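Worksheet: the structure to be examined is printed underneath.
Every number in this text was worked out from the coordinates using simple rules, so none of it is lab data. Quick caveat, the model's predicted, so the values are computed rather than measured. No Cβ is skipped: glycine too gets one built from the backbone with ideal geometry, and neighbour counts run over all protein chains shown.
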Amino acid sequence: MLAIGLMSGTSVDGIDAALVEICDRHNHLETNLIAGYTYPYPADLRAEILAVCAGEARSLQQICELDDRIAESFAQAAIAIMEKGVKKPDLIGSHGQTVFHRPPVAKKMGYTVQLGRGALIAKLTRITTVSDFRVADIEAGGQGAPLVSMLDVLMFSDPTKYRVCQNIGGISNLTYLPPNSIENKAQVFGFDNGTGNVLMDMATQKLFGESFDRDGAIAQQGKPDLNLINNWLKQEFFITTPPKSTGRELFSPDYLAARLAECQHLSNYDILATLTEFTAMAIAKSYRDFLPVFPNEVLIGGGGGSNGYLMERLQDLLAPAIVKRTDDFGMSSDSKEAIAFAVLGYLRLNGRAGNLPSVTGAKRSVLLGEIYT
């Protein structure tokens, strides 16, 4: 089956689009990435999304209009990448744009909102579209995240090695894969485990006027304040036992402002070095606090894998595990999440569960997503 996966994460940089050939052989999925690219949001649309994510008040009409604008951008991304193939895709799996995510707390039901309605994407592209993936898992008592773990199990299970698939997007999350996890999915688990790129990106924009710290070149010029980092790692999110998920609701501009207020004695270079080390140390701490067995290999996906300095810090902090990128295993780290939603769309269309209860905390396996034709 030829499918398109569409994803825009917490960084709100744009829409990651992946054109993927999916082959299903005896319960073993294989994916072949035909094309992948990022379709940038128009500047005014990105600004509006970030405003809504930050909790700025909008009328219901404005939210509905934003929903449609995002859907139109997703459809344009799908149409653009469609031209890279030789035939019309059978399916679009669209994550949409998360603007609010609050996982279940105590006895309160969780909520998650992704804008960019699938019905409009299906109408504009004339391709069957699956969207709204997270809601069913939350209704089943789960966190609604991470959902990429299903792809990790299907693609990266090893007969003998303990592996962790570590995604570093706007937020960081992991999937723990014990040996032969493809046959023992109940032993797989995962959770959100840190800030990912979001604080580093916001700080780079605020302090240096750049959209992100390319290859970690700016942070590498500074010296991290380890006392600050160790205090930050005592915050509730980092010590909470999984399952757990998070987003811009926690790691918000206000959160960054509070951290920057504690960094007034540091240079801008030292601040970015501190936030980069915070990202790396949060990931490493989660492995030692919550994983039953420390992994042999760590496979990095997401934009954070392109940050050479961050990768160096992870290799040091996660030793003796070997840190690699998913690209080393034939999967583009930049397109991985988009590929995941193409696969989740494929599973939904074929009546197969897309969540892993051992990862999300859901009470049962469920079909993820609504189908629009």
- Cα-centre dipole for region 175-267 with unit charges at Cβ (Lys and Arg positive, Asp and Glu negative), debye to 20: 100
- Query: Using modelled amide H (1.01 Å from N, peptide plane; none on Pro or chain starts), what sits under 5 Å from the amide H of Gly14, excluding residues fewer than 5 places away?
  - Reply: Gly9, Tyr41
- Message: I need the Kirkwood Rh of region 149-329: take the reciprocal of the average 1/r across all distinct C-alpha pairs and report it in angstrom.
- Response: 16.5
- Note on the structure: Shape descriptors of region 61-152 over alpha-carbon atoms, Rg and Dmax in angstrom, are 14.9, 50
- Note on the structure: Placing +1 on each Lys and Arg Cβ and -1 on each Asp and Glu Cβ in region 112-237, then taking the dipole about the Cα centre, the residue among Ile121, Ser149, Pro159 whose Cα reaches farthest towards the positive end is Ile121
- Note on the structure: The set of residues whose placed amide H lies less than 5 Å from the amide H of Thr112, leaving out same-chain residues fewer than 5 positions away, is Arg102
- Note on the structure: Once amide hydrogens are built 1.01 Å from N within the peptide plane, the residues lying 5 or more places from Gly96 or on another chain with amide H under 5 Å from its amide H are Ser8
- Item | Qualifying aspartates and glutamates (Cα of each under 18 Å from Cα of Lys363; at least 8 residues distant if same chain) | Asp137, Glu139
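I need the peptides 157-164, 308-315 ranked by packing, meaning the mean over residues of other C-beta atoms within 10 angstrom, with the highest value on top. Working shown, then result.
Values: 157-164: 16.9, 308-315: 19.4.
So the order, starting with the most tightly packed, is 308-315, 157-164.
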- Message: So if I place +1 on the C-beta of Lys and Arg and -1 on the C-beta of Asp and Glu, and nothing else carries charge, what would the dipole magnitude of region 149-329 be about its Cα centre? I want it in debye, nearest 20.
- Response: 240
- Note on the structure: Taking max minus min of the Cα coordinates of region 181-229 on each principal axis, largest first, gives extents in Å of 48, 27, 16
- At a Förster distance of 25 Å, what's the computed FRET efficiency of Glu56 paired with Glu21, Cβ-Cβ distance as r, to 0.05? 0.05
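Write down Rg/Rh for region 149-251, rounded to two decimals, with Rg from the C-alpha atoms and Rh from the Kirkwood relation over Cα pairs. Before the final figure, lay out each step's value.
Details: Rg = 16.6 Å, Rh = 15.7 Å.
Dividing the radius of gyration by the Kirkwood radius yields 1.05.
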- Item | Isotropically averaged projected area of the chain, using the convex hull of Cα atoms (one quarter of hull area), nm² | 17.3
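For region 232-373, what ratio Rg/Rh do Cα atoms give with a Kirkwood hydrodynamic radius?
Values: Rg = 18.1 Å, Rh = 17.9 Å.
For region 232-373, the value is 1.01.
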- Quick numbers on region 254-328, Rg and Dmax over C-alpha atoms in Å, give 14.2, 41
- Message: Could you derive backbone 3J(HN,Hα) for region 238-247 from the dihedral phi with the Karplus parameters 6.51, -1.76 and 1.60 (θ = phi - 60°), listing whole Hz in sequence and x where the residue is Gly or Pro?
- Response: 6, 9, 6, 6, x, x, 7, 8, 7, x
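Only counting other Cβ atoms within 10 Å, I'd like Ser335, Ser211, Ser306 sorted with the fewest neighbours first. Intermediate values should be presented prior to the final figure.
On the way: Ser335 26, Ser211 11, Ser306 19.
With the sparsest Cβ surroundings first, the list reads Ser211, Ser306, Ser335.
As a check on your grasp of the helix formula, calculate [θ] at 222 nm for the chain: sum -39500 (n - 2.57) over DSSP H runs of n ≥ 4, divide by the residue count, round to the nearest 500. If you can, show how the numbers build up before the last one.
Numbers: 13 runs with 138 residues, N = 373.
Taken over the chain, the calculation gives -11000 deg cm²/dmol.
Once you compute Rg and the Kirkwood Rh from C-alpha atoms, what is the Rg to Rh ratio for region 84-219?
On the way: Rg = 18.2 Å, Rh = 17.7 Å.
Expressed as Rg/Rh, it is 1.03.
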- Which Cα, out of Gln187, Ile171, Cys53, lies furthest along the positive dipole direction of the chain (beta carbon charges, K/R +1, D/E -1)? Gln187
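Using 0.36 nm times the number of residues separating Asn231 and Ala106, minus their current alpha carbon distance, what extension gain do you get? Walk me through the intermediate numbers first.
Working: separation 125, 0.36 × 125 = 45.00 nm, distance 2.58 nm.
Stretched out fully, the Asn231 to Ala106 stretch lengthens by 42.4 nm.
To the nearest 20 Debye, how big is the dipole of the chain about its Cα centre, given +1 on the beta carbon of each Lys and Arg and -1 on that of each Asp and Glu?
Working: 34 positive and 41 negative charges, 181 e Å.
Here the chain has a charge dipole of around 880 debye.
Measure up Lys108/Lys161; Lys185/Lys285; Lys108/Lys234; Lys88/Lys185 against 27 Å on the Cα-Cα distance and list the ones that go over. Before the final figure, lay out the partial values.
On the way: Lys108/Lys161 38 Å; Lys185/Lys285 24 Å; Lys108/Lys234 25 Å; Lys88/Lys185 33 Å.
As for pairs spanning more than 27 Å Cα to Cα, those are Lys108/Lys161; Lys88/Lys185.
Send over the Kirkwood Rh of region 1-155, from the inverse of the averaged 1/r over different Cα pairs, rounded to one decimal Å. Don't skip to the end; give the middle numbers.
Details: mean 1/r = 0.0608 Å⁻¹.
For region 1-155, inverting the mean 1/r across all distinct Cα pairs yields 16.4 Å.
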- Which trypsin sites (Lys or Arg not before Pro) does region 76-157 hold that lie in a coil by DSSP with at most 16 other beta carbons within 10 Å? Lys84, Lys87, Lys107, Arg126
- Distance between modelled label sites at Tyr269 and Phe294, nm, 7 Å Cα→Cβ extension: 3.2
- Partner lysines whose C-alpha sits under 25 Å from that of Lys206, ignoring same-chain residues fewer than 8 away, are Lys223
- Using a cut-off of 15 Å between alpha-carbon atoms, which aspartates and glutamates can reach Lys87, once sequence neighbours fewer than 8 places away in the same chain are excluded? Glu21
- Calculate I(q)/I(0) for region 108-181 by the Debye formula, one identical point scatterer on each C-alpha and no solvent, and give its log10 at q = 0.13 Å⁻¹ to two decimals. -0.56
